[in-house]
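To keep things clear, I will list the structure first and then write my remarks on it.
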Amino acid sequence: MTYSRAWLTEPIRIDTALWYRNPAANWNEALPLGNGRLGAMVFGGITEEVLQINEETVWSGSSWPAENPNALRSLGKVRQLLFDGRPQEAAKLAESDLMGSPLRMPPYQTLCNLVIRREEPGETIWYRRLLDLDDGVAALRHQGSTDAIYEEVFCSAVHQVLVCCIDSETARGIHCTISMTREAGARSSVVSPNELVLEGVCDNGEGITFVAVLSIEPVGGVSYAQDDTVRVEGAKRLVLRLAAATSFRVPDPLLQCRTVLEHAPKDYAALLRAHRRDHRRKFRRVGLILGQGNHETLSTDERLAAVRDGKSDPGLMALYFHYARYLLLASSREGCLPATLQGIWNDSLHPAWESKFTININTEMNYWLAEPCGLGDCHLPLFGLLESMLRHGRETAARHYGARGFVAHHNTDIWGHTAPVDGARWGLWAMGGAWLCLHIGTHYNYSRNKAFLRRYYPIMKEACTFLLDYLVEDPRTGYLVTGPSLSPENEYILPNGNRGVLCMGPSMDSQIVRALFRDTVSAAEVLQRDSSFCAKLAATAEKLPPMQIGRHGQLMEWQVDYEEAEPGHRHMSHLFALHPDNAITPRNTPELANAARKTLERRIANGGGHTGWSRAWIACFYARLLDGDEAHSHLTALLAHSTQLNMLDSHPPFQIDGNFGGAAAMVELLLQVHDGAIHILPALPKAFKDGKAYGLVAPGRFTIDVEWKNHCVSAVRVTAKAAKRCTLRFSRPFAVEASITGGTLTPVGSDESGDYELVIKSGQTCQLTCDVQ
């Protein structure tokens, strides 16, 4: 099996593991597994083990024209009403004429439950369940008065199967009944004593066809059909292999499942060995140690309870960081769909927010950690989604705005729908596609992959083309503004007391437009094309509204300095320029950085950060403001108030973006790259006294390892995989104790700047041993 039995007796000595003394009481305590396409939540039950299973393409709906035929006719009227200060009339007209149809997108759905009912093992003597992040394996050990079992479960990306292996440690063996169930829309059947099949169709028989095939392989003992279940008796070991497929990707899902099972090894050790090798190769690219804490004696839920009680546990934060990397690797593999609001894990036919792709921050936040954490290949599914949106996006641009190019609003789904949905106060925001396109530039900056850039640059250009047509002149100021739009998903108060959501030219829109124009120009320069188009982008960017500071000293959210109807709103959209973009930095734009800080203080004072992902974003903001202690306090609040017992983020309910955003904030504490420099430990909090991180990635394909003691840098290793020159920035100047191996280091600017130019041979590593002054 995976482990020596050492982990089954206290103390547990696995740094990258979640562990518990009891089975999961509900879905929010189960442990997640995934290979990008298949997902499972493992409950670790004693008499009834449940594996809730997902396949990424089990979605309701189909690809349909969702555009509103009245949109273009009413667009100008809505804009004029907004310019005239009549947002409520504009919203009424927009609701009827500018929204897509249907108004809701179809949901992502559960595949099935795999249920293993075991005979009562007698009184519980000892129990442990565990999720090993390093191996990608969930395991449990139960010792009862009459039986003892050991179970391992994993989702193999190599062989595209879910695998469950159960060992009995008594002569009596395993006695259990196995079934596959679904709330509706499917039926299961026993094909043989060694095979269960579940087949179903979404949407009352009119949608996607889905199939799951379970191979049942007892070692010793017997298996036989019992109605729609399989009964196993007396087995020393039981190996289950499950394959799943849908008609979204293949014409014959049943044939596909059987083909997958035929090619997957039957030998459990071979399956595990291949899975572990593949998983570790990616997971071990990055490491972080922040202190061991009390993980050896306290279970994960006990550690979370201690944090809620005010105890400090840096090691738990490191575990949270590793967990986020694990979750991205489990829910977003190359060739698969990107992570939804719930990653790949959903137990419902009607999940919250349809468990789709919400692209007014949530989907983007899912990928903030990908590049700096060495998981750039996990970023690739996002670009596949962008490609799938193009056809609908061009239709929406033409029919809703009379524009060329490609647009998407605040949500999309497996079908690539792009029309505005959910209602004008949420969905009439045409910047979702533009924001996603910024990830193209990010991936290129880290990977330096020109073939990638050549493939996806045309999408950036189409998004810019739409924006050029979409922008209109504000008669009040002369600036070019977006609209009708909104500042997701906030509401303002007019001087007459009326409230509005829709507006023209919210601050976030201008920030995104400016950023996309900048990145598209940079991409075109790399590819040496479209000089006249880029000149037009640069000229248009000069006509966008500048960021403004309001009467409270805050960064203004709208073009007019309105009061907010909800000062503690969960979205902080107008701080986009601070993070994830870097147009605002304390070094280059100190006044705007101070205004951003004031904005945060006002939001938090009024209850902001009450959702998991919002709290994670606040931590990112404070890290960018170089305030590590404040960022750490919000990461602590994220763990204490927005983290479930299985360490998944809670909006509530469960959303995965908070996990990814929290890990991204931790990266920002240790490494930031903007202003042309790689900043080492830019915002190290007091709570992280000693530690080390390895494998962090900076743009230009630099890999950074850093160690620190007593809050001071003690060693830095930089490996250059492409570029040969970079600027390193330290919070304080340092002296190099010994000669530098593999490169040369020269101070840049004044002695107080903390900047040093590093020249290093491509493919080599430069090591610095530092003594901070």
Taking 0.36 nm per residue of sequence separation and subtracting the Cα-Cα distance, how much length would be gained by fully extending the chain between R476 and V748, in nm to one decimal?
93.4 nm
Which whole-angstrom value gives the distance between the alpha carbon centres of segment 529-601 and segment 653-675?
20
Given H placed on each backbone N at 1.01 Å, which residues far from T727 in sequence or on other chains put an amide H within less than 5 Å of it?
I678, L758
Restrict the search to segment 663-734; then list the trypsin sites (Lys or Arg not before Pro) that DSSP places in a loop and that have at most 11 other Cβ atoms within 10 Å of their Cβ.
K686
Subtracting the Cα-Cα distance from 0.36 nm times the residue separation, let me have the gained length for N582 to A565 in nm, one decimal.
3.3 nm
Projected label distance in nm at L103 and E233, using a 7 Å step from Cα toward the beta-carbon
5.8
By average C-beta atoms within 10 angstrom, highest first, the peptides 592-600, 168-176, 261-269
592-600, 168-176, 261-269
Evaluated at 25 °C and 0.890 mPa s, the Stokes-Einstein D of segment 371-412 based on the Kirkwood radius over Cα pairs, in µm²/s, stands at 211
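With a 1.4 Å probe and every protein chain kept in, tell me what percent of the accessible surface of the chain is carbon plus sulfur.
Of all accessible area on the chain, carbon and sulfur atoms account for 49 percent.
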Extending each Cα 7 Å along its Cβ direction at N204 and D309, get the distance between those two points in nm, one decimal.
5.4
One finds, for W64 and T124 with R0 = 51 angstrom and r their Cβ-Cβ distance, a FRET efficiency to the nearest 0.05 of 0.45
Quick shape check on the chain: root eigenvalues a ≥ b ≥ c of the Cα gyration tensor, a/c under 1.5 is rounded, otherwise prolate if a/b tops b/c, else oblate, and it reads oblate
Per residue, in Å², the accessible surface of segment 462-591 once ligands and nucleic acids are set aside, probe 1.4 Å
37
H711 versus H263, label points 7 Å from Cα toward the beta carbon: distance in nm?
5.6
So the label point goes 7 Å from the Cα of L254 along Cα→C-beta, right? Which residues of segment 174-205 then have their backbone N under 15 Å from it?
186-192, 195-201
Per DSSP H run of at least 4 residues, take -39500 (n - 2.57); add these up for the chain, divide by its residues and hand me the 222 nm value, nearest 500 deg cm²/dmol.
-10000 deg cm²/dmol
Just the accessible area per residue of segment 127-284, please: how many Å² with a 1.4 Å probe?
38
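With a Förster radius of 56 Å, plug the Cβ-Cβ distance of E302 and R448 into 1/(1 + (r/R0)^6) and report the FRET value to the nearest 0.05.
Using R0 = 56 Å, I get an efficiency of 0.80.
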Out of residues 5 or more away from S62 or on other chains, whose amide H comes under 5 Å of its own, with H placed 1.01 Å from N in the peptide plane?
none
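The values are calculated or read from the model by the stated rules, or taken from the named source; none is laboratory data. Bear in mind the structure is a predicted one, so any value in this text is a computation, not a measurement. No Cβ is skipped: glycine too gets one built from the backbone with ideal geometry, and neighbour counts run over all protein chains shown. With ligands, DNA and RNA removed, areas are computed over all heavy atoms of the protein, side chains included. Shrake-Rupley method; radii C 1.70, N 1.55, O 1.52, S 1.80 Å.
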